[in-house]
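Data first, discussion second: the structure below is written as structure tokens.
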Amino acid sequence: MQNYVVDSGKLKEYTTKLFLAAGLAQTDAQAVSELLVHADLRNVRSHGVLRTVPYLEKIQKGGASKTSAYPVVKETTNSAVIDAQGGLGALAGEKAVAIAREKAKTALMSMVVVRNSNHFGMGAHWALKLAGNDMIGFACSTTDLTMGPPGCKEPFMGNNPFAVAFKAGEKYPEFCVDMATSGVALGKCKDLAKRGKPIPSGWMLDKNGNDTTKVEDCYMMTPMAGHKGFGIALIVELFATLLSGGVLSPDINNQDLPDVPELSSQCFGCINISAFRDLAEFQETAENYIDRLHQIPMKEGAGDAKYPGEIEYTSKLINLKEGVVLPETLTEDLMAIGGELKVDGSFLREHKTERQ
Ligand SMILES: NC(=O)c1ccc[n+]([C@@H]2O[C@H](COP(=O)([O-])OP(=O)(O)OC[C@H]3O[C@@H](n4cnc5c(N)ncnc54)[C@H](O)[C@@H]3O)[C@@H](O)[C@H]2O)c1
């Protein structure tokens, strides 16, 4: 399959124009594009511009509102509850991050929860924004029914993702644990299928609760580490849904439905490091810690040990310089929607690449 390479800035401009054409305000269109292109920069392609068409359909068919003017329905010095009223998760996230960071500057720790939201994309985007240079950022979200307790035949919750990030000194600016609570994210299976690649066994379950490697037979995902992943997904439900008063996971809508909001819930938090330690000392210790991790003996062929987020941060540095790789099918989809919205996407096919 032919791949194309595109400058990330141009890609962001293009998707921004698409979201503008769909009726979003300029800053909102930019925020959604930033989220999607950031995922492609970090090679988290399952949450990158692959989602442009579904997000646009959601806006066009009423499943996501065009506004970001969501009310804060409850607020204290260090907490807030936002009702996204069926808006885009990307825009609810922007608002929540701004509030959480602002509050944690003075209150030192903050938590902002969101209800009645839509897909919030790559968790790392939010955790990294929350973290900035001086805080620990935490973000998690419920998502549509894809997972359940070990042995189940029906899903009970989504593969609720969570992410934690901080800057570990100048050398390691993006320490970030970001994961779905399923073995892998469903989006990754869809992306592999789109790229014509096989999906390993042990990731997806069919209608009978049996293992499948065919994305079309996928009914549920397996929880990461069995009952442990299930338990962590419930913790996400606690922080995101139970605290926000949002819709319980068994009752939220399939995210692929274009005409109804998913009604997922989210939680965003900041811990201001200076509440505990001098920031420079903290970062020096963290940097030394990762230096030591990099030095541990590894099996032959395993390469150096990596810190969480290292693979994605390394990809980001490469992709910022060399461009983002898009498979042909994705360029087709993006150009087709561009045609519908009268935005020229021909630049997407200017540069072929052998990169994967
Ligand atoms: N919005 C939603 O509804 C939703 C739902 C599910 C997942 N997601 C997103 O999907 C994305 C992918 O999730 P995933 O679970 O497939 O992630 P993953 O399995 O690719 O990575 C999980 C974590 O492990 C780290 N990691 C990977 N290999 C490593 C290694 N060799 N050494 C050290 N650390 C390593 C990564 O840096 C990352 O922090 C995430 O961005 C997540 O937020 C979003």
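For the pair the range 108-163 / the range 1-35, the C-alpha centres are spaced 23 Å from each other. Take each peptide in 141-147, 316-322, count the other Cβ atoms within 10 Å of every residue, and average; sorted highest first, the result is 141-147, 316-322.
Here the mean projected area of the convex hull built on the C-alpha positions of the chain is 17.8 nm². Accessible surface for the chain, divided over its residues, is 45 Å² per residue with a 1.4 Å probe. For the listed peptides 39-47, 84-92, a ranking on the average number of other beta carbons within 10 Å per residue, highest first, reads 84-92, 39-47.
Counting only the Cα atoms, the range 43-137 fills a convex hull of 84 Å³ per residue. Shape class for the range 240-356, computed from the alpha carbon gyration tensor (a ≥ b ≥ c): oblate, with a/c not under 1.5 and a/b at or below b/c. Overall, the accessible surface of the chain at a probe of 1.4 angstrom is composed of carbon and sulfur to the extent of 55 percent.
Centroid-to-centroid, using Cα positions, the range 240-286 and the range 176-197 are 20 Å apart. In this calculation the C-beta distance from residue 152 to residue 256 is compared with R0 = 25 Å, giving a FRET efficiency of 0.75. Using C-alpha pairs under 8 Å with a sequence gap of at least 6, the mean separation divided by the residue count of the range 199-328 gives a relative contact order of 10 percent.
Taking the helices alone, the chain has a mean residue ellipticity at 222 nm of -11500 deg cm²/dmol, built from -39,500 (n - 2.57) per DSSP H run of at least 4 residues and averaged over all its residues. 3J(HN,Hα) along the range 144-155, derived from phi through the Karplus expression 6.51 cos²θ - 1.76 cosθ + 1.60 where θ = phi - 60°, amounts to 5, 4, 9, 7, x, x, x, x, 6, 9, 10, x Hz, with x in place of Gly and Pro. What does the net charge come to around residue 185 if you take all other residues with beta carbon closer than 11 Å to its beta carbon, with K and R at +1 and D and E at -1? Combined, the nearby Lys, Arg, Asp and Glu give +1.
Take residue 133, project a point 7 Å from its Cα along the Cβ direction, then tell me which residues of the range 317-335 have their backbone nitrogen under 14 Å from it. No residue qualifies, since no backbone N sits under 14 Å from the label point.
Quick one: which of 104-115, 242-253 comes out on top by average Cβ neighbours within 10 Å, and what's the full order, highest first?
Listed from highest to lowest mean packing, they are 104-115, 242-253.
When only alpha carbons are used to place a centre, the range 292-356 and the range 211-233 end up 26 Å from one another. Sparsely packed loop sites in the range 101-191 (the GluC sites (Glu not before Pro) outside DSSP H, G, I, E and B with at most 13 other Cβ atoms within 10 Å) comprise 170.
By the gyration tensor of its Cα atoms, with a ≥ b ≥ c the square roots of the eigenvalues, what is the shape of the range 144-282: rounded for a/c under 1.5, prolate for a/b over b/c, or oblate? It is prolate, given that a/c is not under 1.5 and a/b is the larger ratio.
The values are calculated or read from the model by the stated rules, or taken from the named source; none is laboratory data. Here the structure is a predicted model, which means the values were calculated and not measured. FYI the Cβ positions are ideal-geometry reconstructions off the backbone, even for glycines, and counts take in every protein chain you see. Protein only, heavy atoms only, side chains kept; ligands, DNA and RNA dropped before computing areas. Shrake-Rupley method; radii C 1.70, N 1.55, O 1.52, S 1.80 Å.
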